[in-house]
Every structure is written in C-alpha cells, then in structure tokens.
Amino acid sequence: MTGEKAGDQPGKPAGEAPDAVGDAALAGRERLSEQVARTGMFGTETTGDTSGYGGLVVRRPPALSSPRPYGSYFDDLADDLGRSLEQAGVKFGEAIERVVADRGELTFQVSREHLTTVAGRLRDDPALAFELCTGVSGVHYPADPGRELHAVYHLVSITHNRRLRLEAAAGDSDPHLPTMVGVYPTCDWHERETWDFFGLIFDGHPALTRIEMPDDWKGHPQRKDYPLGGIPVEYRGATVPPPDERRAYE
Amino acid sequence: MTPRTDAEAEGRVYNVGGQDWDDVVAAADEAGDRPGEERLIVNMGPQHPSTHGVLRLILTLDGETVTELRPVVGYLHTGIEKNMEFRTWTQGVTFCTRMDYLSPLFNEAAFSLATERLLGITDAIPERASVIRVLMMELNRISSHLMAIATFGLELGATTVLLNGLREREKVLDLFELITGLRMNHAYIRPGGVSQDLPSGAIEKIREFVGVMPGLLGDLRKLLDANPVYLARTKDIAFLDLAGCMTLGVTGPILRSTGLPWDLRKSQPYCGYETYEFDVPVQDTCDAYGRYLVRMDEMEQSLRIIEQCADRLAGRRPAGDARVMIADAKIGWPAQLALGPDGLGNSPDHIKHIMSQSMEALIHHFKLVTEGFRVPAGQVYAAVESPRGELGCHAVSDGGTRPYRVHFRDPSFANLQALPAMCEGGMIADVIAAVASTDPVMGGVDR
C-alpha cells in the first residue's frame, strides 16, 4: 500500500544519511523556494497597516498526503480500493496521487489517466459499492501551476452508508479530463456545468455544451481570472464600490 | 400565423400564438409537409405556466406520443456561487438562501453546516440553535411540499387543490414571518447558530399550527388520495425505478417512491436528527402518485418532529443553555436583535455593552462585522435532506475571510436530468404530471 506517498513535491532527497542540521537547512531552502501565497495580513498595501505584520510572507504549503491510519472507515476503504485496482491491473499508488483524510472526510486525488478505472471499480466492486454520484464541482487554483483546474466528485455508497470524494486535476494549458458519464450518467449535466463555468473539457462527453450561460457566451465565469463585474452605487452623496473592488481582508 | 420556410435543416417553422391550432394543421396540410410523417417538434417553455418557472422542454412528438424530450435550463442563472466568493462567510447566507426559493432554510442550513465543519465547530453549536434549525427546516419542508402538491393539482386542472394548498402554506409563512421577520430569503440560519431566538409567543403559535394542520392535510387527502381523475393522471405515470434513480443521481421523494428508505436525516444525521422520533415514508410504485403519497406522509412526519422541537424549546432550561449562537466571540455574530419602539434592530443591551462597558467586545464586533472570521484552509461537503432530495454544499476555503469556492449540489438540477427517462414513450399530457411530480425549482437548478 502506498497511501503514505508524500505528495507531488519534487526534489525530495531519498536514501541520504541522517544529518539533522543538513536536513533542516535543506528543508528551509525548499520551503523558501515555494511559491508565495500572500503577503501582509490585513489586506492593506499602504502605511495604514501599523500592525507589524505588513512584511509577512506566507508561502504555499506543500501538498502532503495524510499518514496512516486515516481513521474511521477510511483505511478499510483504501485497502479495498487497492485490492480492487490490483485486480484491474492498476497499482494503487499509480492511480491515487494523494490521500487526504481531513475533517472526517476522505479525498482521493486521482490521476486523470485512471479516473474512469477508479470510478468504475468504486461503483462495481461489492466491497466498495458507491452507487450514487452527487455530481461534479469545479475549483480553479491559479496558484497551482500545471494543475489549475480541479474537478471534484462526491460519491455515496448507499449499501455501506459511506461517502468519498474524488479529485482530479488538469492544467490550464491542457484542460482535459475523461468523462465520467459512462460510469455515472448523472455526471452529464454536472460536467456540462463544469465546462461552462471553468472551461474543463471532458473528453468523451456525449454533448459538452454550455448549460447555464448562453450558448454564445465568451469565457468561463467561475474562473478566478474572470471578473465579477458591477458598478459603483451612489447613495446620498456617498459611493459604494462594486463588491470585487471593496477591501478584502485576505 | 404564417408558414415560413427556414433553412433546409430546420424544415418548415410555424409560429403558434395560441388558440390557432386548427390554422397550424390546415397550413401544414396545405403545404403538404412531409406526407406520412407526423413528427412535430414543440418548444414547451421557458414561459409555460406548468414548468415551475423558466424550464424549457423541447418535445419531439409522434402524434400525442413523446418520442424525445430535452430539458433546457439556465434561464434563471444568477451567479450566486460566484457572488459568494466576494462576501464574508456570514454574508454568504443571504445569497444562498435565494437559490431554491421554496426551501430557503435548507440552503442556509447546508451552507452553515459546511462552514461549521470547515471551522471544526460542529460540536460547539448550542443545542437550542440545533433544535430551532430542525424546527425551521421541518416547517419549511411542509411549506415546500404543500406548494408542490398545490401546483401539481393546478397543473392537472384542479384549482381547489391550489387554493387549499396555498392557504395552508400561508400558515407556515406566517410562522416564518413571526420567527425570522420574513416570509422567504430569511438568512436566519447562520454559521455558528441562528440569527435570533424565537420571539415570545412563538411556541404557542407553533402548537396551534401543529393542532390544526393534521385536519387540513386530511382535507387535502380527501381531495386527492382517491380522486378518480387524479389517479388516472398520476398512477403508473412518469415511471422511474430504483436503478434509474441511482444511475441518474435522483434523490428525495422520487427515490423514496421506489421503495428505498434513503433519507439523510436517518442515514447520515445532522443537527441532532438522530434524537427525534419519525419514520421515513416510502412507496413502491415508482410513479407520480407514489411521489405524491410520499410527500403527504412526509408532511405528517414533519409535524411529529415539529411537536418534539416545540417540547424541547418550551422545556425549562438552565440559564447557560439559552444561547442560539456559538459562544466563541471570534465567530458568533455578536448582537441579538431586539424589537424597539422604532422597529427591529440591535438590542440596546448589546449597544450599551460595546459602547460603554467592554473595549474587547467593541473590537470583536467591529472585526466581525467589517472583516468576518477566518476559516482554515480545506474543503468539505455537507449534505442535508431538502424537500427535493440531497442538497449538498461543497465549500472550499483558502484560509481567508471569504469562501474560495462554494458549489451547491441542488437536487432539482440532478432530478431534472431524469425527465427524458420518465417521459419518453409516454403521452404529452403526462409530461405535465412528470414535471410536477419531480417538483423542480428553477432558482435552485440555475443558481
């Protein structure tokens, strides 16, 4: 079982002699090479911030897998899926890039090549029996180069009363994922919605057309680079800027 | 009405203005349009009165038989999910309550439960707030089901059902108005609890409601349960079995009309549903009539739950247990509203507290109202059993004061996908019954 596989962080030295100081220095250098997620603390760029936190630099945390045991029914589920995938000739570690057990929910980050295989095993294997898919939700992470667009699938097993989340990612330059319609036909409209809002192309979908926006709409509105829009509102001499131009405390 | 030849691919197009069907038929005969072929494509909606809002159905008809049905949605897209990314977590409630406008409290509850799970405060929600949430959701289930059954009747031609249904629904809305101040779009259930406690006299009103409602539901049953016209229009109509429901992601009364007692309140309880006594009604007919019966039975079960809520809320409670908002001052919205001589507003006690007694309280108030609270990064999925099925909220936080992404899995959206499976091969008149038994709310479908 390779559930402990440590994320997708490159440049991790393996098999070196234990050298606490060297490791710490290396870890520090690695940390500093991470992408900056945000600076400051209160969203102000000017001298208005007298908190002393103006110079704060927050880097993007490394994407780590949860260590075993995951707790709850998650370990059984991962074992069963591993066994089931073996039967299909796929290694668990190949198909599942990361396992995240967080806040009582289990997430499998699935590589897009194996997405339909994994979903098919999850649906058909009696030990897993995830009969119901409650749809696809897209998320856009512009700060995650090469994996900007995520599709998130929530599965329910009515037989075992369990829930599971699958997550697959594709880059902005190659926004393709295989369609799940063959496994879960309910994904038809949900994938159309995700295409409509994020520009994720689901290869093999029977009719990937826009569903919420008009057919001739330009752009994909739920992406982070798509502006919210709005006009300033004037009331009794004071002007309220549109929501996306108001101060954000990020 | 004039025949007009469009491009080859589209064929001849007839514009129908109403009351002119004979003209259409005559014009088609005259033009000798494709002799021997009876295929007709009818565009039903988006403004058709029986489509529950702006749902468009493209029907291909062979005589009176529907050979193909394509639902088209998107006419009511309002960008609620996008807008929520530009507001604080607390403000998000005022947006998502407007999605499925017949069950606003379920939208609020799903979003609040997701936010609370992200914050890790699910167990810190005051007991009283959870009981009030259950109470409000069950009241809302009754009002939503009443609307579904009332419009169902109207669409099949029974105006009495509509009038009775809406009259009884008004009783629920009166309770909502008393408790939240509004008939819809309440923003009452919020991350951390509910916005305010029940006003004085609310428990008595609720008990009064629970007293009269069984009789009124009985009247509705007398109108419909064994009505030969209603039975003819609903029995064995819009068939969808368990396999179809699973495949197409259908939940709610449609799923329970196939005999599977899948109800999240029982199977994956939230808000303390495991502590209430109620049954999950099922039917095994897989048809429109079965869905109607499930809805009627569910309303009766909701009344049971409401009665238990009223008992718990009316019971003597220790002084510390009166909160309806989480005790953590960094999350719980600070003020309780109070009715003053000039209307509803911040309670004078709270204003006195922050303005002249406690510097910290003032800072908390200011920070919460302007900035909001930070939510640790991560993602969760919280689902509640709405009147239409599983309403899920997928919330993603990047650690900031605003949601990074909120997605609602609206049951109407998934259930509408099953319409072709229910309607194709049936009569066109049964499409109306199929749509009505699905009970879609376009505000939730399009968000």
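The values are calculated or read from the model by the stated rules, or taken from the named source; none is laboratory data. Fair warning: this is a prediction, and the values are worked out from it, not measured in the lab. With ideal geometry, Cβ positions are generated from the backbone for all residues, glycine too; neighbour counts draw on all protein chains shown.
Quick rundown of the values:
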{"read-out": "Residue, nearest to B:Leu416 (Cα to Cα), within region B:355-389, restricted to residues that are at the interface with chain A (Cβ under 10 Å from one of its Cβ atoms) and in contact with a strand residue (DSSP E or B) (Cβ under 7 Å, 6 or more places away or on another chain)", "value": "B:Ala383"}
{"read-out": "Residue match in region B:197-204 (condition: more than 30 Å from B:Pro228 (Cα to Cα), of a type outside the set (S, T, N, Q), at pLDDT 90 or above and touching a Gly at 6+ places or on another chain (Cβ under 9 Å))", "value": "no"}
{"read-out": "Extreme residue, farthest from A:Asp124 (Cα to Cα), among residues of region A:151-162 that are assigned to a strand (DSSP E or B) and more than 9 Å from every other protein chain (Cβ to nearest Cβ)", "value": "A:Ala151"}
{"read-out": "Matching residues in region B:357-371 - criterion: being hydroxyl-bearing (Ser, Thr, Tyr) and over 15 Å from B:Gln91 (Cα atoms)", "value": "B:Ser358"}
{"read-out": "Those helices (runs of 4 or more DSSP H) lying entirely in region B:221-310 with at least 2 residues among the charged types (D, E, K, R)", "value": "B:264-267"}
{"read-out": "Qualifying residue in region A:147-169 (condition: touching a Pro at 6+ places or on another chain (Cβ under 8 Å) and surrounded by 21 or more Cβ atoms within 10 Å (Cβ to Cβ))", "value": "yes"}
{"read-out": "Candidate set: region B:369-395, residues that are among the charged types (D, E, K, R) and in a loop (DSSP other than H, G, I, E, B); chosen: the one farthest from A:Gly40 (Cα to Cα)", "value": "B:Arg388"}
{"read-out": "Test: residue in region A:17-31 that is of a type outside the set (A, V, I, L, M, F, W, C) and at pLDDT below 75", "value": "yes"}
{"read-out": "Index of the failed condition, B:Glu127 passing every other in (1) modelled with pLDDT of 90 or more; (2) surrounded by fewer than 19 Cβ atoms within 10 Å (Cβ to Cβ)", "value": "(1)"}
{"read-out": "Lone qualifier among B:Arg256, B:Arg265, B:Arg221 - being over 28 Å from A:Ile158 (Cα atoms), touching a residue at least 24 places away in the same chain (Cβ under 8 Å) and either within 14 Å of chain A (Cβ to nearest Cβ) or basic (Lys, Arg) (or both)", "value": "B:Arg221"}
{"read-out": "Residue that is farthest from B:Arg265 (Cα to Cα), among those in region B:396-432 that are assigned to a strand (DSSP E or B) and at the interface with chain A (Cβ under 10 Å from one of its Cβ atoms)", "value": "B:Arg405"}
{"read-out": "Leading residue by the ranking (nearest to the other protein chains (Cβ to nearest Cβ)) among those in region B:115-137 that are within 25 Å of the chain's Cα centre (by Cα) and charged (D, E, K, R)", "value": "B:Arg117"}
{"read-out": "Filtered residue count, region A:163-181, keeping only those that are within 22 Å of A:Ile211 (Cβ to Cβ) and not in a strand (DSSP E or B)", "value": "5"}
{"read-out": "Qualifying positions in region A:230-250 - in contact with a Gly (Cβ under 9 Å, 6 or more places away or on another chain), under 30 Å from A:His150 (Cβ atoms) and either touching a residue at least 40 places away in the same chain (Cβ under 8 Å) or more than 8 Å from chain B (Cβ to nearest Cβ) (or both)", "value": "A:Pro242, A:Glu245, A:Arg247, A:Ala248, A:Tyr249, A:Glu250"}
{"read-out": "Matching residues in region B:57-83 - criterion: being on the phi < 0 side of the Ramachandran plot and either in a loop (DSSP other than H, G, I, E, B) or among the hydroxyl-bearing types (Ser, Thr, Tyr) (or both)", "value": "B:Thr60, B:Glu64, B:Thr65, B:Thr67, B:Val73, B:Tyr75, B:Leu76, B:His77, B:Thr78"}
{"read-out": "Where a residue in region A:213-228 is under 13 Å from A:Trp195 (Cα atoms) and its partner, wherever it lies, is part of a loop (DSSP other than H, G, I, E, B), with Cβ under 6 Å and at least six apart", "value": "A:Gly219/A:Tyr226; A:His220/A:Gly199"}
{"read-out": "Single residue of region B:226-243 satisfying the filter (within 14 Å of chain A (Cβ to nearest Cβ) and over 12 Å from B:Asp287 (Cβ atoms)) that is surrounded by the most Cβ atoms within 10 Å (Cβ to Cβ)", "value": "B:Leu242"}
{"read-out": "Selection within region B:136-147 - hydrophobic (A, V, I, L, M, F, W, C) and surrounded by 24 or more Cβ atoms within 10 Å (Cβ to Cβ)", "value": "B:Met136, B:Met137, B:Leu139, B:Ile142, B:Leu146"}
{"read-out": "Flag for A:Gly146 being more than 14 Å from every other protein chain (Cβ to nearest Cβ), more than 10 Å from the chain's Cα centre (by Cα), modelled with pLDDT under 90 and farther than 26 Å from A:Pro69 by Cα", "value": "yes"}
{"read-out": "Flag for B:Ala238 being of a type outside the set (Phe, Trp, Tyr) and more than 21 Å from A:Arg123 (Cβ to Cβ)", "value": "yes"}
{"read-out": "Residue satisfying all of: in region B:61-84; under 21 Å from A:Arg192 (Cβ atoms) and of a type in the set (Asp, Glu); nearest to the other protein chains (Cβ to nearest Cβ) among these", "value": "B:Glu81"}
{"read-out": "Selection within region A:182-195 - in contact with a Ser or Thr (Cβ under 9 Å, 6 or more places away or on another chain) and either of a type in the set (Phe, Trp, Tyr) or outside any helix (DSSP H, G or I) (or both)", "value": "A:Gly182, A:Val183, A:Tyr184, A:Pro185, A:Thr186, A:Trp195"}
{"read-out": "Residues of region B:433-447 classified as assigned to a helix (DSSP H, G or I) and more than 11 Å from chain A (Cβ to nearest Cβ), total", "value": "9"}
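Let's see how each residue does on (1) out of contact with any helix residue (DSSP H, G or I) (no Cβ under 7 Å at 6 or more places or on another chain); (2) more than 12 Å from chain B (Cβ to nearest Cβ); (3) modelled with pLDDT of 90 or more; (4) crowded, with 19+ Cβ neighbours inside 10 Å:
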| site | (1), (2), (3), (4) |
| --- | --- |
| A:Asp174 | yes, yes, yes, no |
| A:Pro178 | no, yes, yes, yes |
| A:Val181 | no, no, yes, yes |
| A:His190 | yes, no, yes, yes |
| A:Trp195 | yes, yes, yes, yes |
| A:Phe198 | yes, no, yes, yes |
| A:His205 | no, yes, yes, yes |
